[in-house]
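Report on the following structure.
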Amino acid sequence: MNSSSQKISGVMRNYGDPKLEFVFGKGSYLTSTAGESYLDFTTGIAVNSLGHCHPKLIAALQDQSERLWHSSNLYRISQAETLAQKLIANTFADRVFFCNSGTEAIEAGIKIIRRYFYSKGHEQKNRIISLTSAFHGRTLGALALANNPSQTQGFLHGDGGFDQVEYGNVNDLKNKINDMTAGIVIEPIQGEGGIRVAMKEYLAEIKDLCKINNLLLFFDEVQSGVGRSGSLYAYQELGTQPDLLATAKGLGGGVPIGACIATENIAAAMTPGTHGSTFGGNPLAAAAANAVLDEILSPNFLNDVKKRSQYLFAKLETLLRQYPKLLRDVDGMGFMIGLGFHKDASDIVKLAEEKKLLLVKAGRNYIRLLPPLNISVSEIDEAVEIIECCLQDSGWSDFLIKDASAAKNGLQEKRNAYAKISGKKLFFSLFFFALPC
Ligand SMILES: Cc1ncc(COP(=O)(O)O)c(C=O)c1O
């Protein structure tokens, strides 16, 4: 029973058979069972927003763990109420529902949208639209909503009351909206098929369609939220306000907590008994999330994220210019960044792990860079150096011709594609191209 694979033999194999195990974390680094140190650009898939074992999180959890761990929503939970107030004060929302994960925050949002129209006497208005390449989690509702065949096979029967439209295609959306449509769910920054930031004008058009057709706009910021975009939530950078929003992952900094936040008008539909969660807003999780938000909302924290993100983007764009036959594009915002390759990026993730940098893929051809929000400049330098070493050692000789003249234009291609689909001329696209944040 010594090797890692034997140790996890009782765990279901839905996560495959990972070999590496970590026993210690400090700041941006993790230490393995073999005592080796790894620079963590995965942060547990966008969870450890303040890195590992942040002293303020430790203090908050220690303090709370000595007083009360759990009492349930049968009673008031002041830690959850404080957290709700912080979210309300810093977003569009007036009310918060707490749960334990991203997918539960999505489920809550789906229920709130349907219940809202039900409470207004429009029970037939219950279908919800999602976009292609979406990911909203693994519960049955979230799976049916995102409708990705690689994840739904064998699980779904019927369409669950969801429709899907092509990402970026406003006409497709217009055609799908009918009297039964209640809402639209969008990730302002998609994270699964590669990192894709929604264009401001696309979101604005969708918001207009929501107003015209009396639909609710629901943003999934499970991954992009809690400072990862450089703002508390990405919608604040992108200029379109939703009616409700799902948040989780980075909120607890490593402790499971999620929330669906909404305006008063919509939240009013959730009368007593309509929804619930045993652990939702648990004092321990809420204490951790309060400490995370206090740090992220402290003066200059988010400005610093933006500055260091620009620094990382500049370095990645240099790589893009130097290795145009290998690298395709870089997209993202803040510290949610996708580096696109012309082929499957799995080898790069493996090579990086050998060189003690942890990366996670997004889709087939992208690696996702999700460092702690407080990553230092020297740690960014270290990561980019390792990535460059991986490019050089990748053995993809055909792709390794340095050619600065073939400068990257993947982002520009995406924006042109949107302009083509939507029939709009984007005079300012070059401006966006130059300023990824
Ligand atoms: C955009 C988005 N929505 C929802 C989820 C589901 O979150 P969880 O795994 O916490 O249920 C994820 C998880 O990766 C996500 O990235």
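The values are calculated or read from the model by the stated rules, or taken from the named source; none is laboratory data. The shown structure was predicted, so the numbers you read here are calculated from the model rather than taken from an experiment. Cβ: placed from backbone, ideal geometry, glycine included. Neighbour counts: every protein chain shown.
Some notes on this structure:
- Looking across segment 17-65, the residues that are more than 21 Å from I386 (Cα to Cα) and within 16 Å of the ligand (Cβ to nearest atom) come down to V47, N48, S49.
- The one condition from (1) assigned by TED's automatic domain parsing to the domain that holds S78; (2) within 25 Å of A383 (Cβ to Cβ) that R308 does not meet is (1).
- Any hit, segment 167-187, residues being over 25 Å from M333 (Cβ atoms) and modelled with pLDDT under 95: no
- Going through (1) surrounded by fewer than 20 Cβ atoms within 10 Å (Cβ to Cβ); (2) more than 16 Å from the ligand (Cβ to nearest atom) one by one, L83 falls short only on (1).
- For I296, the conditions (1) over 24 Å from the mean Cα position of the chain (by Cα); (2) within 30 Å of E66 (Cβ to Cβ); (3) among the β-branched types (V, I, T) are fulfilled apart from (1).
- Hits in segment 256-275 (condition: within 15 Å of the ligand (Cβ to nearest atom) and either surrounded by fewer than 23 Cβ atoms within 10 Å (Cβ to Cβ) or at pLDDT below 95 (or both)): P256
- Test: residue in segment 96-109 that is more than 16 Å from the ligand (Cβ to nearest atom) and in the same structural domain as N282 (by TED's automatic domain parsing): yes
- Residues that are surrounded by 15 or more Cβ atoms within 10 Å (Cβ to Cβ) and either over 20 Å from L351 (Cβ atoms) or without any contact (Cβ under 8 Å) to a residue 40 or more places away in the chain (or both), drawn from segment 5-31: I8, F22, G25, G27, Y29, T31
- Among the residues making up segment 143-169, those that are out of contact with any Ser or Thr (no Cβ under 6 Å at 6 or more places or on another chain) and among the acidic types (D, E) are D159, D163.
- Residue count for segment 320-338 satisfying the condition of being over 17 Å from the mean Cα position of the chain (by Cα) and assigned to a strand (DSSP E or B): 3.
- Boolean, D243 is free of Cβ contacts under 8 Å to residues at least 12 places away in the same chain and over 12 Å from the mean Cα position of the chain (by Cα): no
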